[in-house]
1. Let me check against my output: what whole-number percent is the relative contact order of the range 1-101, with C-alpha pairs under 8 Å and at least 6 apart?
2. Within a Cβ distance under 12 Å of Gly292, other residues only, what is the Lys/Arg minus Asp/Glu net charge?
3. Report in % the part of the accessible area of the chain that belongs to carbon and sulfur, leaving out ligands and nucleic acids; probe 1.4 Å.
4. Suppose R0 equals 30 Å. What FRET efficiency, 1/(1 + (r/R0)^6) with r the Cβ-Cβ distance, do Lys152 and Thr227 give to the nearest 0.05?
5. Determine, from the Cβ-Cβ distance of Asp281 and Glu111 and an R0 of 51 Å, the FRET efficiency 1/(1 + (r/R0)^6), rounded to the nearest 0.05.
6. Rolling a 1.4 Å sphere over the protein heavy atoms, what is the accessible area per residue of the chain, to the nearest Å²?
7. So how tilted is helix 37-50 from the main axis of the chain? Cα-based, degrees 0 to 90, rounded to 10.
8. Could you give the longest part of the chain that holds none of the GluC sites (Glu not before Pro) found in DSSP loops with at most 13 neighbouring Cβ atoms within 10 Å?
Amino acid sequence: MTLHIDTPLLESQPLSHALGRRVLLKMDALQPPGSFKIRGIGYACEQHANQGKRRFVSSSGGNAGIAVAYAGRALSIPVTVVVPQSTGERAKDLIRLQGADVIVHGATWQEANAYALEQAGPDDAFIHPFDDPLLWHGHASMIDEVARAGAKFDAVVLSVGGGGLMAGAIEGLRRNGLGNIPVIAVETEGASSLAQSVRAGERIELPGITSVATSLGAKQVCEQAFTLTQTHPVECVVVSDAEAVNASRQFVDDHRVLVEPACGASLALVYRRTEALQRFDSVLVIVCGGAGTTIEQLERWHREMV
Ligand SMILES: *Cc1c(COP(=O)(O)O)cnc(C)c1O
């Protein structure tokens, strides 16, 4: 038993038609807590539980916090999530709905995170949202499932925030003998910490995040993600917020699933004849999901952006 589920792998007619290439969708938006994050976080939480930890502590007001809360409930271990004052009511409600305690502390995520670390005692496990080998190991299961299904693909498109998803997907490719398959790493303008690091030749830190794709809003990617751009074929692509929002809106109509713009960013690349993808026969898109967006919010962004 794992805390994540084996998600559907779909061949998308609307997206294959739009890209002009075969598009496969790994539907991790259908994970019970709403995003792929439960794969790595579920795995990490199980390891910590086996080692006798009595509480999980997180500082993410986003999908990582929701996943930790979900894992804690499933394992009957209490969860505390410390979030900054800027965190929206919906995010706090989603975390509380899983039975976790939410503590609001500090103006920024840095302050909330420092407080969460302070709170974590020796019997507690602190769960990082992206920078942890246990997470990458758990995320890799998404590629195991695709490989087990016998699906053929020659590129992987995925979104990058702090780079945990990418690190996990590449671990999955390598452990399934697919280590030569390129990864197309998608970010939004205003959250492009990986693309800018690759361009600079070193791991840079953004001064701030301006994108609506808040789940991609890590000012700096983890060391592992940057290192992987030097040891694995990784191509960085940056899309606009408007493209990401539009892709999420279109995806609701085409596949009847609501995803955050963080995921829409990856979908945006296959909703048009992206030149960089035309050399592939079959493109696997990780539909990473995200529980943070409502239809109403998506429509509001859309109106503000046109
Ligand atoms: C966390 C998250 C990402 C980015 O994952 P990283 O591991 O931080 O790169 C992308 N999309 C969604 C929906 C997420 O929750």
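1. Details: 147 pairs, mean separation 22.4, N = 101.
Relative contact order of the range 1-101: 22 percent.
2. So the surrounding residues net to 0.
3. Values: 6120 of 12500 Å².
Ligands and nucleic acids excluded, carbon and sulfur reach 49 percent.
4. On the way: r = 28 Å, r/R0 = 0.94.
With R0 = 30 Å, the Cβ-Cβ based efficiency is 0.60.
5. Efficiency, rounded to the nearest 0.05: 0.60.
6. Dividing the accessible area of the chain by its residue count gives 41 Å².
7. 40
8. The longest uninterrupted stretch comes out as 1-201.
The values are calculated or read from the model by the stated rules, or taken from the named source; none is laboratory data. All figures in this text were calculated on a predicted structure; none of them were measured in a lab. Methodologically, a virtual Cβ is constructed for each residue, glycine included, from the backbone with ideal geometry; neighbour enumeration extends over all protein chains shown. Side chains are part of the model used for accessible areas, which takes the heavy atoms of the whole protein and leaves out ligands, DNA and RNA. Shrake-Rupley method; radii C 1.70, N 1.55, O 1.52, S 1.80 Å.
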